[in-house]
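Presented below is the structure to which this report refers.
What follows is calculated from the coordinates using simple rules that are stated; it is not laboratory data. On a predicted model such as this, the values are computed, not experimentally measured, just so you know. Glycine also receives a Cβ, built like all others from the backbone with ideal geometry; neighbour counts cover every protein chain displayed.
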């Protein structure tokens with residue numbers, strides 16, 4: 001099938017990710033190549049490329065001879081992910097308090113400003129992207145390929161877990177809490193920055209209902225509309 005829509009692999013990945021994050025696509029649902037190719041008006045080869053990226057990000061499981069399925073994170077996995085995030089992000093802010101520049105701080109403050117605008121306008125898609133993006137930006141500025149790669153995986157998994165288990169319809173990682181972390185980093189205060197990050201991640205985890213998995217949509221076309 002020739003490509004007709006011009007939809008890129010990354011656009012497909014983002015659409016699936018947002019459908020999960022916005023609670024329109026349930027864990028366990030099968031992502032059928034043929035149906036997705038029809039929805040996005042692209043070849044099955046491009047869909048396979050997107051599914052491979054989603055599998056790498058921990059959002060999709062590909063089972064040989066069965067197909068691709070949205071991952072179903074367990075309660076234990078959810079707790080493990082946030083435990084690891086607290087450890088990794090402690091190290092990230094510790095590094096940033098020792099090594100940062102005016103340009104780095106400017107990028108962080110501008111990012112928080114964009115988060116505030118998205119929250120003020122109730123722009124769910126931007127809120128979700130920017131919330132995770134803040135933590136990834138911290139890892140990028142920390143200038144450690146290992147920490148950045150680890151955070152990329154953890155944020156993807158956290159997004160899925162938060163989409164599944166949060167007990168509120170609103171997704172909000174918190175620009176005010178992000179701003180406080182940035183200012184502690186600007187002051188070079190590793191103790192305060194680490195404490196604020198710990199509090200922030202516990203706050204995010206506390207908004208999850210880790211008791212049961214809700215029943216979200218099974219309809220792939222409706223979820224990706």
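Measure nothing fancy, just the Cα-based angle from helix 190-206's long axis to the longest principal axis of the chain, in degrees from 0 to 90, nearest 10.
Once rounded, the angle reads 40 degrees.
Would you please state which residues of segment 95-137 a label at residue 187 would reach in this model, taking the label point 7 Å out along Cα→Cβ and a backbone N cut-off of under 14 Å?
97
How much mean residue ellipticity at 222 nm does the chain get from its helices, if each DSSP H run of length 4 or more adds -39500 (n - 2.57) and you divide by all residues, to the nearest 500 deg cm²/dmol? Don't jump to the answer; show the numbers that get you there.
Numbers: 10 runs with 149 residues, N = 225.
Computed ellipticity for the chain at 222 nm equals -21500 deg cm²/dmol.
When only C-alpha pairs under 8 Å and at least 6 residues apart count, what is the relative contact order of the chain, in percent?
After rounding, I find 30 percent.
How far is the Cα center of segment 74-99 from the Cα center of segment 114-152, in Å?
14
Please arrange 146, 69 by counting, for each residue, the other beta carbons lying within 10 Å of its beta carbon, fewest first.
In increasing order of surrounding Cβ atoms, one gets 146, 69.
For segment 75-206, what relative contact order do you get, as a whole percent, if you take Cα pairs closer than 8 Å and at least 6 residues apart? Write down the numbers at each step before the final one.
Numbers: 116 pairs, mean separation 53.5, N = 132.
Contact order relative to length: 41 percent.
Suppose the chain between residue 113 and residue 83 were pulled fully straight at 0.36 nm per residue; how much longer would it get relative to their current alpha carbon spacing?
8.0 nm is the gain from fully extending residue 113 to residue 83.
May I ask for the angle, rounded to the nearest 10°, between helix 44-56 and the longest principal axis of the chain, with both axes built from Cα atoms and the value confined to 0 to 90°?
That helix lies at roughly 30 degrees to the long axis.
Can you sort 205, 22 so the residue with the fewest Cβ neighbours within 10 Å comes first?
Ranking 205, 22 by Cβ neighbours within 10 Å, fewest first, gives 22, 205.
To one decimal place, what orientation-averaged projected area in nm² is obtained for the convex hull of the Cα set of segment 75-206?
The Cα convex hull of segment 75-206, projected and averaged over all directions, gives 7.2 nm².
Using only Cα atoms, find the angle between the long axis of helix 124-141 and the longest principal axis of the chain, and express it within 0 to 90 degrees, rounded to the nearest 10.
Helix 124-141 sits roughly 50 degrees off the main axis of the chain.
What is the fewest-to-most order of 107, 66 by other Cβ atoms lying within 10 Å of their Cβ?
On the way: 107 16, 66 9.
Ranking 107, 66 by Cβ neighbours within 10 Å, fewest first, gives 66, 107.
Between residue 207 and residue 45, what is the spin-label point distance in nm, taking each point 7 Å from the Cα along the Cα→C-beta axis?
4.2
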